[in-house]
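Below: one structure, written as structure tokens.
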Amino acid sequence: MTLYIKNATFIDWQTLKFTKTDIEVSGGKDGGIKFLDTLPAVLADPVKVIDARGKFVTRSFGCGHHHIYSTLARGMPAPAKTPENFLDILNYIWWHLDKNLDLEMIKASALASALYCAKNGITFVIDHHASPFNIEGSLFTIKEAFNTIGLSHLLCYEISDRDGEKIRDKGLAETKNYLKAGNPGHVGLHASFTVGNTCLDKAITLAREYDTGIHIHVAEDLSDQDHCQKNYNRRVVQRLHDSGGLGLQGSIFGHCIHLDENEKVLLRNSKVWVAQNVESNLNNNVGLANFTDYGNRIMLGTDGMHSDMLRSTKAAFYQGLGTEGISFAGIYERFRNIHRFIKENNFQGDNDNNLVILDYNAPTQMNQDNFLGHFVYGIDSSHVESVISSGRVIVQDKKLVSANEEEILSFAREMGSKLWEKLT
Ligand SMILES: [Zn+2]
């Protein structure tokens, strides 16, 4: 089906140029957009027309590091012990939660996260999943949920040794099955301190076999570096480099908070992308980084805190002011870098036919020259009115139209209660 958006003010996401135009949007992962002076007199059937008079149309958003598995955590019972450090947070909160997930709960988590992503203007999600006692089929379950909502995705399972060899091998097997079936994905790893040398070697071999990268948390907390020094006599990025992990195409290293100068050089000289997740770093109290010397392959994620990239971007901006004196243009570049990552690595689902329509009735004038001021201080997800994913309208007038929102949330609540009962 062809979609027309009439009376739009289109903002080019790269040049920030404003163009008043009608837009023809063609569907599919290979589709695109065409500017029209006026709509054709006779429209081919089937066709959909959206009137965007007074609204702004621009490229939709992407999330560079998400964890749908955390969706049902909101409001959950307090942990058995109040965490005193990052390892306690993992042991008493996240590893307790992810061990209790079953496939139904994973489906509910993925659907609810995808719903929020869609309503917040995100059409491409890079997810890092964990459910150690229900690994088989987990990636396929998430894929199906994302497809139901209409999001493009790049998935992985966070393989590790934390629950023993058998579970490690199940993680490797699920990843292999998923990649073998032709799905876009990474070979996921939890973090250096939970991944032994055999596990790391197997993961890198698998990534090479399917010509993809690894997706791993790197030096999120200082304890990851301490563990690496003690056990491998080197720092985390050096360890990943020495095992061949920096030469893979399309790898993502999440966080990278505690790196020394040599590790930054290794990163700069590699093809690796860094995913920055400021709110999560603040929430876990693991420290904050100055990313100035990390090269220009930095994108932003939510780390499963929520599904709102405009919110993540604002947080990264305010933190970046203190740590690195970041500019409007600097933070906008990081927000938009995910499009570069996807293109560079030949993943599908992020063509020009991925759009948001913003109902942003600004109190001051907005144009190409001052757009970034509005982007940082004005525009937020409440202005996302409609969302088009690969040419398909998935949100219109702030309502999900690709699936039933009420059913998704009611299913999530049901699964949330089931999970919480297992946690206590
Ligand atoms: Zn993460």
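The values are calculated or read from the model by the stated rules, or taken from the named source; none is laboratory data. Note that the structure is a prediction, hence the values are computed from the model and not measured. Ideal geometry is used to build each Cβ from the backbone, glycine not excepted, and the neighbour counts take in all protein chains shown. The area values use the complete protein model at the heavy-atom level, side chains included, leaving out ligands, DNA and RNA. Shrake-Rupley method; radii C 1.70, N 1.55, O 1.52, S 1.80 Å.
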>> Quick check: Cα centre of segment 154-185 to Cα centre of segment 398-419, how many Å?
In response: 27
> Which angle between 0 and 90 degrees, to the nearest 10, do you get for helix 197-209 versus the longest principal axis of the chain when only C-alpha atoms count?
Replying inline: 30
>> Could you work out how much longer the chain between ALA403 and ARG208 gets when fully extended? Use 0.36 nm per residue separation minus the Cα distance between them, nm to one decimal.
In response: 66.5 nm
>> Quick check: residue separation of LYS166 and ARG53 times 0.36 nm, minus the Cα distance between them. What number comes out in nm?
In response: 34.9 nm
> Ordered by residue, what ³J(HN,Hα) values in Hz, to whole numbers, does segment 147-155 give under the Karplus form 6.51 cos²θ - 1.76 cosθ + 1.60, where θ = phi - 60° and Gly and Pro are x?
Replying inline: 5, 4, 6, x, 9, 7, 7, 9, 10
> How large is the helix-only mean residue ellipticity at 222 nm for the chain, computed as the sum of -39500 (n - 2.57) over DSSP H runs with n ≥ 4, divided by its residue count, in deg cm²/dmol to the nearest 500?
Replying inline: -11500 deg cm²/dmol
> What is the local net charge at MET415, summed over the other residues whose Cβ is closer than 12 Å to its Cβ (Lys, Arg +1; Asp, Glu -1)?
Replying inline: 0
>> What distance in nm separates the two pseudo spin-label positions at LEU321 and GLU136, each 7 Å out from Cα along the beta-carbon direction?
In response: 5.3
> If you look at just the Cα atoms of segment 278-385, how large are its Rg and its Dmax in Å?
Replying inline: 14.8, 40
>> Compute, for the chain, the length of the dipole vector about the Cα centre, with Cβ point charges of +1 (Lys, Arg) and -1 (Asp, Glu) only. Units Debye, rounded to 20.
In response: 400
>> At a threshold of 8 angstrom on Cα-Cα distance, excluding pairs fewer than six apart, so keeping six or more, what relative contact order does the chain reach in percent?
In response: 21
> Taking only the alpha carbons of the chain, what extent do you get along each of the three principal axes, in Å, biggest first?
Replying inline: 69, 45, 42
> Regarding segment 98-235, what whole-number volume in Å³ per residue does the convex hull of its Cα atoms give?
Replying inline: 111
> Roughly what would the spin-label model give for ALA41 and GLN348, points 7 Å off Cα along C-beta, in nm?
Replying inline: 3.8
> So what's the net charge close to HIS215: Lys and Arg +1, Asp and Glu -1, counting the other residues with Cβ under 11 Å from its Cβ?
Replying inline: -2
> Excluding ligands, DNA and RNA, what is the solvent-accessible area per residue of segment 171-236 at a probe of 1.4 Å, expressed in Å²?
Replying inline: 39
>> Which one, ASN361, SER60, GLY391, projects farthest toward the positive side of the charge dipole computed for the chain from Cβ point charges (K/R +1, D/E -1)?
In response: GLY391
> Out of residues 5 or more away from SER390 or on other chains, whose amide H comes under 5 Å of its own, with H placed 1.01 Å from N in the peptide plane?
Replying inline: ASN354, LEU355
> If we count every other residue with Cβ under 10 angstrom of CYS63's Cβ, Lys/Arg +1 and Asp/Glu -1, where does the sum land?
Replying inline: -3
>> Using a probe radius of 1.4 Å on heavy atoms only, what accessible surface per residue do you get for segment 37-147? Whole Å² is fine.
In response: 40
>> Between HIS374, HIS255, HIS215, where does the largest GNM mean-square fluctuation fall for the chain, given springs only between Cα atoms within less than 10 Å?
In response: HIS374
>> Could you give the length gained by full extension between THR19 and LEU87, i.e. 0.36 nm per residue of separation minus their alpha carbon distance, to one decimal place?
In response: 19.4 nm
> Which residue, ASN285, ASN147, ASN177, tops the fluctuation ranking in a GNM of the chain built on C-alpha contacts under 10 Å?
Replying inline: ASN285
> What residues have an amide H closer than 5 Å to that of LYS55, excluding those fewer than 5 places away on the same chain, when H is modeled at 1.01 Å from N in the peptide plane?
Replying inline: THR9
>> For a quick check, take a GNM of the chain with Cα springs below 10 Å and name the residue from LYS29, LYS48, LYS271 with the largest mean-square fluctuation.
In response: LYS48
> Binned at 10 Å from 0, what are the whole-percent values of the Cα-Cα distance distribution for segment 234-326, short to long?
Replying inline: 17, 49, 30, 5
> If you line up the long axis of helix 103-119 against the longest principal axis of the chain, both from Cα atoms, how many degrees apart are they, to the nearest 10?
Replying inline: 40
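Report, to the nearest whole %, how much of the accessible area of the chain belongs to carbon and sulfur atoms, 1.4 Å probe, protein only.
48
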